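Trainee: For reference, the structure I am asking about is given below.
No value in this document is a laboratory result; all are computed from the given coordinates. Treat the numbers as computed from the prediction; the structure is a model and nothing was measured. Neighbour counts run over all protein chains shown; Cβ positions are idealised from the backbone, glycine included.
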Amino acid sequence: MHPLVSKSLKIWATTLGRDKTYRAIQYFARFYAYILLTRGDKDAAQRWNALKNHLGLGRKLMRLGKPLEHLQAALKASQSIALSRQSAERFTTVARQLCYAGYLAFDAVVWANSVKFINLLPPKADRTLRISLRFWFAGILFGLGNGLLKAGRLANEAKALKAVGTTEKSVGDNAANETKLKVLERERAAVRYQMLLDLMDMWIPATGLGVVNFNDGVVGLLGVITSVMAFRSQWNSLQMG
């Protein structure tokens with residue numbers, strides 16, 4: 001009945017919590033299999049590769065409905081009143097969500113072919129995978145662009161609040177400004193955190209596309225780190241009832 005156990009059970013009751021946990025294990029298996037192969041232990045590496053592959057297929061199955069979530073998020077962002085004055089932020093937000101929807105839609109086709117529900121010829125299967133990776137890579141790039149724009153806007157807002165604070169004489173006004181500054185600092189920290197996650201995550205699809213030539217050890221380690229970071233964000237945002 002410890003609160004830590006209760007919170008763990010609550011986060012693992014969510015699809016996102018389970019997905020990030022499976023993702024961390026999947027990429028650790030990729031990393032560890034590479035280490036075992038470099039040591040010449042092919043039998044053990046094969047077991048970890050099998051775990052990686054099965055977790056990957058399981059995660060694809062869990063994500064079959066997610067393209068609709070991203071399409072809905074894109075629609076909401078396009079109609080957002082809060083983003084109406086931030087056209088560049090709105091564009092990058094919508095573009096990111098559309099790219100993720102495209103990535104997951106093609107990823108579903110990859111899954112269907114992997115489980116033999118459909119049968120694609122090898123060249124077409126490879127092309128489908130590459131299209132999926134391109135959408136993923138583009139989504140991350142749009143996310144980074146959005147982060148830069150948002151970070152710049154929040155920095156300007158914080159600077160303006162600090163400038164106003166130096167001229168305010170009312171204690172109440174100063175207190176209100178301090179509260180707003182704290183909210184802005186939390187938002188800025190969240191944006192920086194997400195940008196760091198995206199900066200590391202982008203090398204995974206980039207490697208699959210041949211943009212860079214990282215080995216499975218590096219890719220696996222990056223995947224573990226970003227999975228733990230995403231899980232941590234979800235953990236911190238979870239409210240215990």
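Trainee: Mind checking the dipole of the range 112-241: about its Cα centre, +1 per Lys or Arg Cβ, -1 per Asp or Glu Cβ, Debye to the nearest 20? If you can, show how the numbers build up before the last one.
Mentor: Working: 16 positive and 10 negative charges, 47 e Å.
Using only the charged Cβ atoms, the result is roughly 220 debye.
Trainee: Fewest first, what order do Ser132, Ser87 take by the number of other Cβ atoms within 10 Å?
Mentor: Numbers: Ser132 21, Ser87 10.
Ascending number of Cβ neighbours within 10 Å: Ser87, Ser132.
Trainee: In addition: Putting +1 on Lys and Arg Cβ atoms and -1 on Asp and Glu Cβ atoms, find which of Val219, Ser233, Ala44 reaches farthest to the positive end of the dipole of the chain.
Mentor: Looking along the dipole axis, the top candidate is Ala44.
Trainee: Charges only on Cβ, +1 for Lys and Arg, -1 for Asp and Glu: so what's the dipole of the chain about the Cα centre, in debye to the nearest 20?
Mentor: Values: 34 positive and 16 negative charges, 57 e Å.
Charge dipole, the chain, about its Cα centre: 280 debye, nearest 20.
Trainee: To make sure I understand, if each residue's beta carbon is the centre and we count other beta carbons within 10 Å, what order do Asp107, Asp19 fall in, fewest to most? Don't skip to the end; give the middle numbers.
Mentor: Numbers: Asp107 23, Asp19 20.
In increasing order of surrounding Cβ atoms, one gets Asp19, Asp107.
Trainee: On to the next question. Over the chain, what is the relative contact order in percent, taking alpha-carbon pairs closer than 8 angstrom and at least six residues apart? Each step should come with its number before you reach the end.
Mentor: Values: 246 pairs, mean separation 65.1, N = 241.
Taking the mean separation of contacting Cα pairs over the length of the chain, I get 27 percent.
Trainee: Answer with one residue from Met202, Ile118, Leu16: the one whose Cα lies farthest towards the positive end of the charge dipole of the chain, charges on Cβ with Lys, Arg +1 and Asp, Glu -1.
Mentor: Toward the positive end, the furthest listed residue is Ile118.
Trainee: Now for a separate question. If you wrap the range 176-241's Cα atoms in a convex hull and average its projection over all directions, what's the area in nm²?
Mentor: Working: hull surface 24.9 nm².
With every direction weighted equally, the projected area is 6.2 nm².
Trainee: Same structure, new question: Helix 122-165 against the longest principal axis of the chain: what's the angle in degrees, Cα atoms only, rounded to the nearest 10?
Mentor: Taking Cα atoms only, the helix is inclined about 20 degrees.
Trainee: Pairs Lys20/Lys66; Lys76/Lys159; Lys66/Lys180; Lys10/Lys66; Lys76/Lys116; Lys76/Lys124: which exceed 25 Å Cα-Cα? Please report the intermediate quantities before stating the final value.
Mentor: On the way: Lys20/Lys66 15 Å; Lys76/Lys159 29 Å; Lys66/Lys180 34 Å; Lys10/Lys66 21 Å; Lys76/Lys116 36 Å; Lys76/Lys124 34 Å.
Where the Cα-Cα span goes over 25 Å, the pairs concerned are Lys76/Lys159; Lys66/Lys180; Lys76/Lys116; Lys76/Lys124.
Trainee: When Rg is the radius of gyration of the Cα atoms in the chain and Rh is its Kirkwood radius, what does Rg/Rh come to?
Mentor: Values: Rg = 21.3 Å, Rh = 20.4 Å.
My calculation of the ratio gives 1.05.
Trainee: Please list, in chain and number order, the residues 5+ apart from Val212 or on another chain whose amide H is under 5 Å from its amide H, with Hs placed from the backbone.
Mentor: Residues meeting the amide H criterion: Thr207.
Trainee: Relative contact order of the range 1-104: what whole-number percent is it, with Cα pairs under 8 angstrom and at least 6 residues apart? Can you show the working numbers first?
Mentor: Details: 72 pairs, mean separation 22.6, N = 104.
The normalised contact order for the range 1-104 reaches 22 percent.
Trainee: Using Cβ counts within 10 Å as a stand-in for footprinting exposure, how do Tyr103, Tyr193 rank, fewest first?
Mentor: Working: Tyr103 25, Tyr193 16.
Lowest count first: Tyr193, Tyr103.
Trainee: Working from Cα positions, state the angle (0 to 90°, nearest 10) between the long axis of helix 15-38 and the longest principal axis of the chain.
Mentor: Helix 15-38 sits at roughly 50 degrees to that axis.
Trainee: Compute the helix-to-body angle for 42-62: its Cα long axis versus the longest principal axis of the chain, expressed 0 to 90° and rounded to tens.
Mentor: Taking the Cα atoms of the chain, the angle to 42-62 is about 50 degrees.
Trainee: Divide by every residue of the chain the summed helix terms, -39500 (n - 2.57) for each DSSP H run of at least 4, and state the resulting mean residue ellipticity at 222 nm, rounded to the nearest 500 deg cm²/dmol. Let's see the in-between values first.
Mentor: Values: 9 runs with 200 residues, N = 241.
So the calculated ellipticity at 222 nm is -29000 deg cm²/dmol.
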